[in-house]
1. Name the residue that is farthest from Asp396 (Cα to Cα), counting only residues in region 169-220 that are charged (D, E, K, R) and in contact with a helix residue (DSSP H, G or I) (Cβ under 9 Å, 6 or more places away or on another chain).
2. List pairs: first residue in region 293-313 and free of Cβ contacts under 8 Å to residues at least 40 places away in the same chain and under 11 Å from Val332 (Cβ atoms), second residue polar (S, T, N, Q) and surrounded by 15 or more Cβ atoms within 10 Å (Cβ to Cβ) anywhere in the structure, Cβ distance under 6 angstrom, at least six positions apart or on different chains.
3. Please specify each residue of region 295-312 satisfying the condition of being surrounded by 22 or more Cβ atoms within 10 Å (Cβ to Cβ) and of a type in the set (A, V, I, L, M).
4. Which numbered condition in (1) on the phi < 0 side of the Ramachandran plot; (2) buried (at least 18 other Cβ atoms within 10 Å of the Cβ); (3) of a type in the set (Gly, Ala, Ser) is the only one that Ala340 fails?
5. Among the helices (runs of 4 or more DSSP H) confined wholly to region 25-133, which include 3 or more residues that are more than 20 Å from the chain's Cα centre (by Cα) and surrounded by fewer than 19 Cβ atoms within 10 Å (Cβ to Cβ)?
6. Check every one of the strands (runs of 3 or more DSSP E) wholly within region 165-268 and list those with 2 or more residues that are buried (at least 22 other Cβ atoms within 10 Å of the Cβ) and among the polar types (S, T, N, Q).
7. Which is at pLDDT 95 or above, assigned to a strand (DSSP E or B) and more than 17 Å from the chain's Cα centre (by Cα), of Glu293, Glu279?
8. Of the conditions (1) touching a Cys at 6+ places or on another chain (Cβ under 9 Å); (2) part of a strand (DSSP E or B); (3) not aromatic (Phe, Trp, Tyr), Cys341 satisfies every one except a single condition; which number is it?
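The values are calculated or read from the model by the stated rules, or taken from the named source; none is laboratory data. It should be emphasised that the depicted structure is a prediction, and the values quoted were computed from it without experimental measurement. Cβ placement follows ideal geometry from the backbone for every residue including glycine, while neighbour counts extend to all protein chains displayed.
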Amino acid sequence: MSKRFHQNCPFGLSPPKNEVDTLQYWDEKIETMKRDELEAFQLKHLKHILNHAYNNSEHYRNSFEDAGVSPNDINCLSDIQKLPTIQKDNIRKDQELTPPLGKMTAVPENEVVYISVSSGSTGMPTASPFTYQDFEDFMDFEARLFYSSGMRNNDRYCHALNMSLFVGGPCVLGAQKIGALCIHAGTIPSERLLRIMMQFQPTITWTTPSYAWYLGETAEKQGIDVAHDTAIGKIFVAGEPGGSIDATKKRIEQLWDADVYDYYGLSDIFGACAGECEEKSGLHFAEDHMIVEVLDLKTGEPVGENEEGEMVLTTIKKMARPMIRFRTGDIVSYETDRCACGRTHKRLMGICGRTDDMLIIKGVNVLPSSVEPVVRGNKKLSGEYRLVVDRVNHLDVLTIEIESMCEYKGDVKLLEREVQRDLRAVLGITPKVLIYEDGTLPRETHKAKRIKDNRKNVWK
């Protein structure tokens, strides 16, 4: 049945399994809205969220006043450029100064029902808060994305993304909202996941592109033919570049004999903000929830369709902590013409790179500055370090190369394990740690080069 079924049923119950949903859209009115109507909708909600932020968030009130602008100055969508931008570092500093949620938060803490957590640049995790309605909106959009990718209430869905504090974890509830049978697998060992897939025969799974590739080839080595021994027909991928890289996508599809759909998300906004429909012609944004700007890297002015620039996002409904002109650091291009599926929202045509030195490893954002406090806080280490990224068996492997102090005479392996434990607590992933003698790593006279990326075609 349609979404109307959910709205009219108590507790958001899904339609019976024997009533297979055959409608084309999750929310046809919103998804097929004409551009002028959609922009009028956005402006209305933008004005409301700006007033909410100004009146209830000390950070935004001070930020607007410092820029000499007020919510009353925003009378058309292009006026959004009068507002100051924010970036990840602003969120981190805000929460460090006013823990745990910071002064960007625009509701009392007792109205916050959920937080996701991402790694911060000093090792302190940053929290993304949601009110009850924020979270409901989040789940409804995840359901909409899944529905556009072909998920229906007779599907079985295996969620194979990290469920611990990760904003992608709750996305499984979007599948439940559709009425799919959901298996909350998370990041369990590959052998067990394969057994679950063979036992319960899910038709759809969601994971990272590199893991989908790795899992398929691991199965081959074990004599398991995932194309025939499992029922997987659709694979949703997110958390790292690769889902829109043709070579990667084709190899995954060959291994599994399944269709791959790329998704894009941000911990500070939604688990998935955009995703591919069955036409696979770009990733549809949630433009009824956010305004998407793509800005020239030099001038900061908006670029045209199919031109590259930094993506800047503004949430227009999220009440707990509005994100107003959030600089994502992602270099993207977009299109606004109506998709062949009939949907009208702006489409992300691929991520071309990053404006900073952030790495995305196993769906986790890693910055050199996240590593630095650990390395420089340990008196057994010289303070020099380098992040090395390789692709091994289609999985990204992060190695942290570090130097010991010249006077250190202890067990290097023990020290490596000690540092690895401390880094795992900060990063949320377990890197390989190699410790060398003092003076081994290269020095730079100007700006230190902290990253050595040995992967090829990471972005394109």
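1. Lys177
2. Met311/Thr328
3. Within region 295-312, Met311, Val312 meet the criteria.
4. If we test Ala340 against (1) on the phi < 0 side of the Ramachandran plot; (2) buried (at least 18 other Cβ atoms within 10 Å of the Cβ); (3) of a type in the set (Gly, Ala, Ser), just (2) comes out false.
5. Qualifying helices (runs of 4 or more DSSP H): 35-56, 58-66, 88-97.
6. The qualifying strands (runs of 3 or more DSSP E) are 204-207.
7. Glu293
8. In the conditions (1) touching a Cys at 6+ places or on another chain (Cβ under 9 Å); (2) part of a strand (DSSP E or B); (3) not aromatic (Phe, Trp, Tyr), Cys341 misses (2) alone.
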